[in-house]
Amino acid sequence: MVYVILITGLLIGAPIAIAIIAALLVFMATGEAPYTLRIVASEMFRSLNSFPLLAIPLFVLAGELMNESGITGRIIAFANVLVGRMRAGLAMVNIWASVIFAGLSGSAVADTSALGRVFIPEMEKHGYDRSFAAALTAASSVIGPIIPPSIPVIIYALIVSGVSVPALFMAGVVPGLLLAVFLSAYVMLTVKVEDPLPEVAMAQQPATQALLGGILPLLMPVFVVGSILAGIVTPTEAASFAVAYALFLGAFVYRKITLGALPRIFTEAMRDSAVILVIIAAVGAANWLLTYNRVPNMLTDWVLGNVDSKTTFLIAVILLFLFVGLFLEGIAAMLVLVPILHPIAVSMGVDPVHFGILVIFNLMIGLITPPLGLCMFVAEGIAQVGMARLTRAILPFFFVEVLVLLILTFVPETVIWLPRVLGY
């Protein structure tokens with residue numbers, strides 16, 4: 001009955017959190033002791049009763065404030081100075097603007113929305129196919145949750161005790177840059193634009209002015225991540241600093257945020273945060289049921305008894321998360337599967353930080369895979385090219401990202417080198 005309600009809810013388009021809660025309520029109401037409805041409420045509350053979780057709504061609010069501050073144009077101008085004169089310059093600017101934006105929002109969906117509104121029409125104007133522009137914007141936005149600061153990293157560290165947020169932050173830097181390099185290489189080798197020179201005209205300002213205009217926004221991730229690495233603040237305290245810095249830039253430096261706009265900005269941040277937190281609460285209650293019935297223990301024993309090598313295990317994990325990413329939102333999939341798979345990975349000799357980045361990278365690829373890829377939906381909503389056409393355009397980028405995932409998986413130094421150099 002539980003699975004019927006859960007699958008039915010997902011099939012009719014109910015949010016994953018609502019489907020899980022509905023299934024749990026029916027099970028607890030009809031089951032025998034010790035199953036009671038009270039357990040659902042108490043476990044949902046316990047899942048949210050965590051000080052580090054405050055970092056999530058704070059980082060979401062900081063991203064909303066930075067978006068409202070009009071920094072998108074400044075970031076694009078900054079990236080244009082760096083790579084705009086290369087072959088397929090505008091496409092390159094799209095990718096590297098996502099890299100820069102990643103340090104501000106930490107959200108792939110926010111990056112797709114903010115950058116897509118600028119790049120998709122602009123790239124079409126300069127000779128790119130509109131579906132290609134939308135696909136590239138969605139694919140490059142995956143970099144957002146990988147490069148710090150990152151909301152999925154904070155959630156992963158909350159799920160797995162003993163894995164530090166600073167270590168995961170630093171472990172995401174090289175994978176994020178590596179993905180940008182591979183996307184750039186693919187674009188340079190495959191895109192054919194008759195006259196790329198007009199692309200550099202996108203930023204109508206001198207190079208020095210564009211570089212200076214990008215400095216203040218870029219200081220936010222430097223301060224936030226740097227203060228965490230230095231041990232001065234916790235991730236939650238750093239998130240509150242990010243909010244203060246974003247508000248200062250938007251209200252007093254750029255003067256784009258007015259007092260009247262704050263209620264709308266806070267409302268949007270609360271809405272986006274609530275979506276994440278309700279998922280965390282619902283999956284927390286579901287995990288109690290799984291743990292009580294020793295499902296993680298039974299699965300661990302089965303894997304250890306049937307999987308005889310770390311390589312086989314990692315390949316199975318890649319395939320599992322790529323499949324799950326087709327149907328589940330990344331945070332929900334992480335909350336369900338990581339408590340089960342992390343102990344197995346450690347027992348197999350996989351570095352915990354390495355495994356964490358692999359899980360996050362894997363699930364972020366799910367943001368550009370149909371039928372439920374959120375970045376695809378956002379990009380298609382802007383481009384209006386149809387999901388079938390966008391799916392065909394995004395397929396090559398999917399394979400590029402899977403290639404990078406395989407490199408990260410079987411060359412673990414790409415992930416753990418930087419944290420080790422910094423002493424984590």
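The values are calculated or read from the model by the stated rules, or taken from the named source; none is laboratory data. Being a predicted model, the structure only gives us computed values, none of them experimental. For neighbour counting, all protein chains shown are included, and Cβ atoms are generated from backbone atoms with ideal geometry for every residue, glycine included. Ligands, DNA and RNA are stripped out before the accessible areas are found, and what is left, the full protein with its side chains, is counted by its heavy atoms. Shrake-Rupley method; radii C 1.70, N 1.55, O 1.52, S 1.80 Å.
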- Task: Determine which single condition Val421 fails, assuming it passes every other condition in (1) in contact (Cβ under 8 Å) with a residue 12 or more places away in the chain; (2) open to solvent by 40 Å² or more (accessible area, probe 1.4 Å).
- Result: (1)
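In the stretch 366-377, what residues are part of a helix (DSSP H, G or I) and either in contact with a strand residue (DSSP E or B) (Cβ under 7 Å, 6 or more places away or on another chain) or surrounded by fewer than 23 Cβ atoms within 10 Å (Cβ to Cβ) (or both)? Outline the logic, then answer.
Keep residues of the stretch 366-377 that are part of a helix (DSSP H, G or I), which gives 366-368, 374-377.
Of everything in the stretch 366-377, those that are part of a helix (DSSP H, G or I) and either in contact with a strand residue (DSSP E or B) (Cβ under 7 Å, 6 or more places away or on another chain) or surrounded by fewer than 23 Cβ atoms within 10 Å (Cβ to Cβ) (or both) turn out to be Leu374, Phe377.
Among the listed residues Leu177, Leu168, identify the single one that is open to solvent by 30 Å² or more (accessible area, probe 1.4 Å) and in contact (Cβ under 8 Å) with a residue 60 or more places away in the chain. Spell out how you get there, then give the answer.
Working: Leu168 fails: open to solvent by 30 Å² or more (accessible area, probe 1.4 Å).
After ruling out the rest, the residue left standing is Leu177.
Here is a yes/no grid of residues against (1) open to solvent by 60 Å² or more (accessible area, probe 1.4 Å); (2) at pLDDT 80 or above:
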{"position": "Ile21", "(1), (2)": "no, yes"}
{"position": "Glu32", "(1), (2)": "yes, no"}
{"position": "Thr36", "(1), (2)": "no, no"}
{"position": "Met44", "(1), (2)": "no, yes"}
{"position": "Val60", "(1), (2)": "no, yes"}
{"position": "Glu64", "(1), (2)": "no, yes"}
- Going by the conditions given, is Gly284 open to solvent by 60 Å² or more (accessible area, probe 1.4 Å), among the small types (Gly, Ala, Ser) and in a helix (DSSP H, G or I)? no
- Task: Please identify the pairs in which a residue from the stretch 67-95 that is on the phi > 0 side of the Ramachandran plot has its Cβ atom under 9 Å from the Cβ atom of a residue that is of a type outside the set (Val, Ile, Thr) and not in a helix (DSSP H, G or I), counting only partners at least 6 apart or on another chain.
- Result: Gly70/Tyr254; Gly70/Lys256; Ala88/Tyr128; Ala88/Lys192; Ala88/Pro196
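Check whether at least one residue in the stretch 113-128 is on the phi < 0 side of the Ramachandran plot, open to solvent by 10 Å² or more (accessible area, probe 1.4 Å) and under 16 Å from the mean Cα position of the chain (by Cα), and report yes or no. Lay out the reasoning, then the answer.
To start, the set of residues in the stretch 113-128 that are on the phi < 0 side of the Ramachandran plot comprises 113-126, 128.
Add one more test, that the residue is open to solvent by 10 Å² or more (accessible area, probe 1.4 Å), and what stays is 113-114, 117-118, 121-122, 124-126, 128.
Now narrow it down to the ones that are under 16 Å from the mean Cα position of the chain (by Cα): 113-114.
For the stretch 113-128, residues on the phi < 0 side of the Ramachandran plot, open to solvent by 10 Å² or more (accessible area, probe 1.4 Å) and under 16 Å from the mean Cα position of the chain (by Cα): present.
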- Please tell me if Ala88 is open to solvent by less than 50 Å² (accessible area, probe 1.4 Å), under 29 Å from Ala157 (Cα atoms) and at pLDDT below 85. no
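Quick one: which of Leu290, Leu322, Leu314 is within 20 Å of Ile20 (Cα to Cα), out of contact with any Gly (no Cβ under 6 Å at 6 or more places or on another chain) and open to solvent by less than 70 Å² (accessible area, probe 1.4 Å)? Full working, then the answer.
Values: Leu322 fails: within 20 Å of Ile20 (Cα to Cα); Leu314 fails: within 20 Å of Ile20 (Cα to Cα).
Answer to the check: Leu290.
In the stretch 246-264, what count of residues is obtained for those that are more than 21 Å from Leu53 (Cβ to Cβ) and either surrounded by 19 or more Cβ atoms within 10 Å (Cβ to Cβ) or basic (Lys, Arg) (or both)?
At the first step, the residues of the stretch 246-264 found to be more than 21 Å from Leu53 (Cβ to Cβ) are 247-264.
Restricting the remaining residues to those that are either surrounded by 19 or more Cβ atoms within 10 Å (Cβ to Cβ) or basic (Lys, Arg) (or both) gives 247, 249-250, 255-257, 264.
Number satisfying all stated conditions: 7.
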- Test: residue in the stretch 269-277 that is among the acidic types (Asp, Glu), part of a helix (DSSP H, G or I), closer than 15 Å to His342 by Cα and open to solvent by 30 Å² or more (accessible area, probe 1.4 Å): no
- Note on the structure: Here the qualifying pairs (Cβ atoms under 7 Å; residues six or more apart or on different chains; first in the stretch 318-334 and free of Cβ contacts under 8 Å to residues at least 40 places away in the same chain and within 17 Å of Pro370 (Cβ to Cβ); second of a type outside the set (Phe, Trp, Tyr) and assigned to a loop (DSSP other than H, G, I, E, B)) come out as Ala333/Gly325
